[in-house]
Amino acid sequence: MEVAEQKHLNSQQDLSTENADSAGAASTEKHQDFSSSSPEAASSICLGEDAFDKVMPLCDVACIVSTPTGKVLKCRTKYIGLHSKSILLLEMPLVSPQEKSVFMRQGYPLKACVISSKGEGARVYFKTKIEYVLSGGDTDLLLVTLPSATQVVVGLRESARLEIDLDGVLEPSDKKYPCQIRDISHQGCLIVVERDNVSYRVGSLISLNICSSNKDVPIIDGTLQAIVKNIAQMGRYYKYGVKFEEESLESVDSLIEGLNFCALQQRFTL
């Protein structure tokens, strides 16, 4: 068993090297609280179904598609989910019609790296092949084989994110935009807000109150200050990944220490 795992690890090292710049650097820019050089990061071999069981839908995917003649296409897309027939569902990468006809063909090999934002954060490296390309109007799907094994690098965040579901208010001193906080760590949090309400940019300074079930009552004293580090658009909503300013860290720590894990909801609550 150890020999087999070592053999597979060696085969995965090519993928890790080829994606080090395209996947690692790009994802670090989008997730500023990730640290690829973190001494806590550790690599291991995991079964495909175990690795993707921990990957959330719409995580970023960096891909390298090769043709039998040696042509290579590097692209990015989103992970959708896992099909019961051992198939991974991906969004069609944003490529030109010509690139789609040349590279997106059944049987072509694909190397990929999925960026998982859960917990401490992880990169899942794997090799697979294209099984189907499904077209439905303006929406295309790329179906690839679930890999038998993957290389997983965990511990990419400075501190683990805890899944929560708390109400909040952006710009509480004047605008008072309602929002939700979906996860939190010592360093930052994920804020979900309706697109019609706000339109921040990367680098924007925001003010945030985290509230109890009574939305007019803040859980912690004072207003948190944070910097927008990444933005994702989801239908009617924006998802803002923010990093807390130094003066807010003590209040955030106090909030985190008061959280309790709810086995029924599978998330942390107050």
The lone exception for residue 245 - which of (1) within 15 Å of residue 168 (Cβ to Cβ); (2) at pLDDT 90 or above; (3) not polar (S, T, N, Q) it fails: (1)
Hey, residue 192 surrounded by fewer than 16 Cβ atoms within 10 Å (Cβ to Cβ), within 20 Å of the chain's Cα centre (by Cα) and on the phi < 0 side of the Ramachandran plot or not: no
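Output yes when any residue across the stretch 205-225 is within 24 Å of residue 115 (Cα to Cα) and either assigned to a strand (DSSP E or B) or not charged (D, E, K, R) (or both), and no when none is. Outline the logic, then answer.
Start the filter on the stretch 205-225 by keeping residues that are within 24 Å of residue 115 (Cα to Cα), which leaves none.
No, there is no match, as no residue in the stretch 205-225 is within 24 Å of residue 115 (Cα to Cα) and either assigned to a strand (DSSP E or B) or not charged (D, E, K, R) (or both).
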Single residue of the stretch 53-71 satisfying the filter (β-branched (Val, Ile, Thr) and assigned to a loop (DSSP other than H, G, I, E, B)) that is farthest from residue 233 (Cα to Cα): 69
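Looking only at residues in the stretch 200-217 that are open to solvent by 60 Å² or more (accessible area, probe 1.4 Å) and more than 24 Å from the chain's Cα centre (by Cα), which one is modelled with the lowest pLDDT?
Of the stretch 200-217, the ones open to solvent by 60 Å² or more (accessible area, probe 1.4 Å) are 201-202, 205, 213-217.
Those still in the list that are more than 24 Å from the chain's Cα centre (by Cα) too: 213-217.
Numbers: 213: 66, 214: 61, 215: 58, 216: 61, 217: 65.
So the residue we want is 215.
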Residue list for the stretch 252-270, filter: in a loop (DSSP other than H, G, I, E, B) and either surrounded by fewer than 12 Cβ atoms within 10 Å (Cβ to Cβ) or modelled with pLDDT of 75 or more (or both): 258, 259, 263, 264, 265, 266
Residue 74 being surrounded by 13 or more Cβ atoms within 10 Å (Cβ to Cβ), at pLDDT 95 or above and farther than 29 Å from residue 238 by Cα: no
Verdict on residue 228 being in a loop (DSSP other than H, G, I, E, B) and free of Cβ contacts under 8 Å to residues at least 60 places away in the same chain: no
Checklist (1) over 24 Å from the mean Cα position of the chain (by Cα); (2) at pLDDT 90 or above; (3) open to solvent by 40 Å² or more (accessible area, probe 1.4 Å) applied to residue 178, failing item: (1)
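The values are calculated or read from the model by the stated rules, or taken from the named source; none is laboratory data. Fair warning: this is a prediction, and the values are worked out from it, not measured in the lab. Every residue, glycine as well, gets a Cβ built from its backbone with ideal geometry; the counts of neighbours run over all protein chains shown. Heads up: the accessible areas ignore ligands, DNA and RNA and are worked out on the full protein's heavy atoms, side chains in. Shrake-Rupley method; radii C 1.70, N 1.55, O 1.52, S 1.80 Å.
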